[in-house]
Amino acid sequence: MVNLGEMLIAFGWSGIVVGIMMGGLMGMYAFKGPFRAPKGHENYTDLNRRMLRLAHIAFIMLPLISMLYGMSIDDLQVPYIYKYYAAICMVILSVGIPVLLIAACFYLPFKYIQVIPFSCGMFALVVMAVGRVSAL
């Protein structure tokens, strides 16, 4: 059996690195940076730019939530198969949402596919909530 908690914590740190690097790249054109803003990102309120900023934050916060999830998952009193799929779902959530936000910057209908990683995240959170509540 895989140590799900350690896997999620390692994955979380990796995701945070991606989010920080993404912020650094965005800073190269934001606030009169040395580069010109990409097409569709010129104005601070452009939808593409807002989605990219949201993706940057999601690449940091969702892996951070995955790390918190990883600190708790091994103690849950639910069958291992649920924990296994919940851990996979947390990874899908943490990668899927920001990647689809970035993709939607180039082709807006990608934002509608976010229901898939969102649903995965909801499954994982329900498993955690049921496991914690049943332990009371």
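The values are calculated or read from the model by the stated rules, or taken from the named source; none is laboratory data. Please read these numbers as outputs of a predicted model, since none were measured by experiment. We place every Cβ from the backbone using ideal geometry, glycine too, and count neighbours over all the protein chains shown. Calculation scope for accessible area: heavy atoms of the full protein, side chains included, ligands and nucleic acids excluded. Shrake-Rupley method; radii C 1.70, N 1.55, O 1.52, S 1.80 Å.
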Next on the checklist: Looking at F35, F31, F11, can you tell me which residue is aromatic (F, W, Y), more than 18 Å from V127 (Cα to Cα) and touching a Ser or Thr at 6+ places or on another chain (Cβ under 8 Å)?
Outcome noted: F11
Checklist entry - Applying the selection to segment 37-55, what residues are assigned to a helix (DSSP H, G or I) and within 19 Å of G19 (Cα to Cα)? => result N48, R49, R50, M51, L52, R53, L54, A55
Checklist entry - So which of I113, I73, I81 is open to solvent by less than 40 Å² (accessible area, probe 1.4 Å), of a type in the set (V, I, T) and either touching a Phe, Trp or Tyr at 6+ places or on another chain (Cβ under 7 Å) or over 15 Å from G23 (Cα atoms) (or both)? => result I73
Item to check | Search result, residues across segment 10-33 that are open to solvent by 40 Å² or more (accessible area, probe 1.4 Å) and in contact (Cβ under 8 Å) with a residue 24 or more places away in the chain | outcome: F11, W13, S14, V18, I20
Checklist outcome for this item: Flagged in segment 102-116 as within 17 Å of the chain's Cα centre (by Cα) and closer than 21 Å to L47 by Cα, in numbering order, are I102, A103, A104, C105, F110, K111, Y112, I113, Q114, V115
Checklist entry - Can E6 be described as surrounded by fewer than 16 Cβ atoms within 10 Å (Cβ to Cβ), within 24 Å of D74 (Cβ to Cβ) and among the charged types (D, E, K, R)? => result yes
Next on the checklist: Just the residues that are among the aliphatic types (A, V, I, L, M) and open to solvent by 30 Å² or more (accessible area, probe 1.4 Å), please, taken from segment 38-61.
Outcome noted: L47, L54, I57, I60, M61
Next on the checklist: Tell me whether segment 68-77 contains one or more residues that are charged (D, E, K, R), within 30 Å of R132 (Cα to Cα) and modelled with pLDDT under 95.
Outcome noted: yes
Checklist entry - Are there any pairs with C-beta distances below 7 angstrom linking a residue in segment 77-96 that is in a helix (DSSP H, G or I) to a residue that is open to solvent by 60 Å² or more (accessible area, probe 1.4 Å) and at pLDDT 95 or above, with the two at least 6 apart or on different chains, and if so which? => result A86/F123; C89/F123; G96/I116
Checklist entry - Is it true that some residue in segment 87-96 is surrounded by 22 or more Cβ atoms within 10 Å (Cβ to Cβ), of a type in the set (S, T, Y) and either at pLDDT below 95 or under 19 Å from N3 (Cα atoms) (or both)? => result yes
